[in-house]
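Undergrad: Attaching a single structure in structure tokens format; questions to follow.
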Amino acid sequence: MAKINEIYFSIQGESSLAGLPCVFVRFTYCNLRCTYCDTAYAFYEGRDCTVDEIISEVKEYNCKLVEITGGEPLVQREECLELMRKLCHLDYQVMIETGGSLPINGIDPRVKIIMDLKCPSSGMMKKNLYENIYFLKPIDEVKFVIGTREDYDWAKDIMKQYDLSNKCTVLFSPVFGQVEPSEIVHWILEDKLPVRFQLQMHKYIWHPETKGV
């Protein structure tokens, strides 16, 4: 039995799949408390569902792209892994968004992993599990959420240290409302970094605090 905060159908707002219709399954609970968190409502709120009940709800939307998110979905590791495995068996394109502090080994290899590495301004940098980097596949993506110049420089150093751009796609995303997107773009171009800049598209389509989008 998993505790699920919400299941909804919207536009994928982030990653290299941004803009595509997507079903989101938001797991309850998170082991992190990032300063800029925009889903604190998922820390505790939710309803109990079996994995098969979740899949039944997903099927209602008739959409083959599914994102598993949170909270931190891997807090409920057993249920999360089972759900992703079953969705893959049903020919869904599955992605998981994880904060990077819990082990990603054991995730079905068909799943696209979007993994954060927490920057200094998040307050959670010490929680990064760097061993996860060695389990990343070429289809996966590493995301740095950047709120300051210090964050940017730190992300740049980590990229170099772990040769990230040769392992998978690297995403640089601004903390919404904290740093000008144009500023980060300027830094990226100045340094000729091989990264993909992204905005949280859904926050520009709808009000930034809207749930279920």
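Only the coordinates and a few stated rules stand behind these numbers; no lab work does. These figures come from a predicted structure and were not determined experimentally. Positions of Cβ are generated from backbone atoms using ideal geometry, with glycine treated the same way; all protein chains shown enter the neighbour counts.
Undergrad: Sum up the charges of everything whose Cβ sits under 14 Å from the Cβ of Leu171, counting Lys and Arg as +1 and Asp and Glu as -1, but leave Leu171 out.
TA: For residues surrounding Leu171, the net value is 0.
Undergrad: Between the range 171-198 and the range 20-87, what's the alpha-carbon centroid distance in Å?
TA: Taking the Cα centre of each part, the range 171-198 and the range 20-87 sit 28 Å apart.
Undergrad: Follow-up. Write down the Å³ per residue value for the convex hull defined by the alpha carbon atoms of the chain.
TA: Taking the convex hull of the Cα positions in the chain, it is 109 Å³ per residue.
Undergrad: Then there's this: Within the chain, what's the longest stretch lacking GluC sites (Glu not before Pro) that sit in DSSP loops with no more than 15 other Cβ atoms inside 10 Å?
TA: For GluC sites (Glu not before Pro) (loop position, at most 15 other Cβ atoms within 10 Å), the longest site-free span of the chain is 61-208.
Undergrad: Amide H to amide H, which residues 5 or more places from Gly100 or on other chains are under 5 Å from it, using H placed in the peptide plane?
TA: Answer set, sorted by chain and number: Asp116.
Undergrad: Let me check against my output: what whole-number percent is the relative contact order of the chain, with C-alpha pairs under 8 Å and at least 6 apart?
TA: Reported as a whole number, the value is 19 percent.
Undergrad: Shifting gears a bit: Using modelled amide H (1.01 Å from N, peptide plane; none on Pro or chain starts), what sits under 5 Å from the amide H of Arg196, excluding residues fewer than 5 places away?
TA: Those qualifying (amide H under 5 Å, at least 5 residues apart or on another chain) are Val170, Leu171, Phe172.
Undergrad: I would also like to ask the following. Please list the non-local residues whose amide H lies under 5 Å from the amide H of Lys112, H modeled 1.01 Å from N, same-chain partners needing a gap of 5 or more.
TA: HN-HN under 5 Å from Lys112: Val94, Met95, Ile96.
Undergrad: Continuing with the same structure: To check my understanding: the extent here is largest minus smallest coordinate of the Cα atoms along each principal axis. What are those three numbers for the range 1-87, in Å, largest first?
TA: On the principal axes, the range 1-87 reaches 34, 30, 19 Å in Cα extent.
Undergrad: Please order Tyr8, Tyr130, Tyr152 by the number of other Cβ within 10 Å, starting at the fewest.
TA: Tyr130, Tyr8, Tyr152
Undergrad: OK, next. With θ set to phi - 60°, apply the Karplus curve 6.51 cos²θ - 1.76 cosθ + 1.60 along the range 189-200 and write out the HN-Hα couplings as whole Hz, x wherever there is a Gly or Pro.
TA: Taking θ as phi minus 60°, the curve returns 5, 4, 8, 6, 6, x, 10, 9, 7, 9, 10, 7 Hz for the range 189-200.
Undergrad: May I ask you to order 154-166, 103-115 by the average number of other C-beta atoms within 10 Å around their residues, highest value first?
TA: Order by mean packing, descending: 103-115, 154-166.
Undergrad: Explain nothing, just compute: Karplus ³J(HN,Hα) = 6.51 cos²θ - 1.76 cosθ + 1.60, θ = phi - 60°, for every residue of the range 118-131 in order, whole Hz, x for Gly and Pro.
TA: 3J(HN,Hα) across the range 118-131, in whole Hz: 6, 7, x, 5, 6, x, 10, 4, 5, 8, 4, 9, 5, 4.
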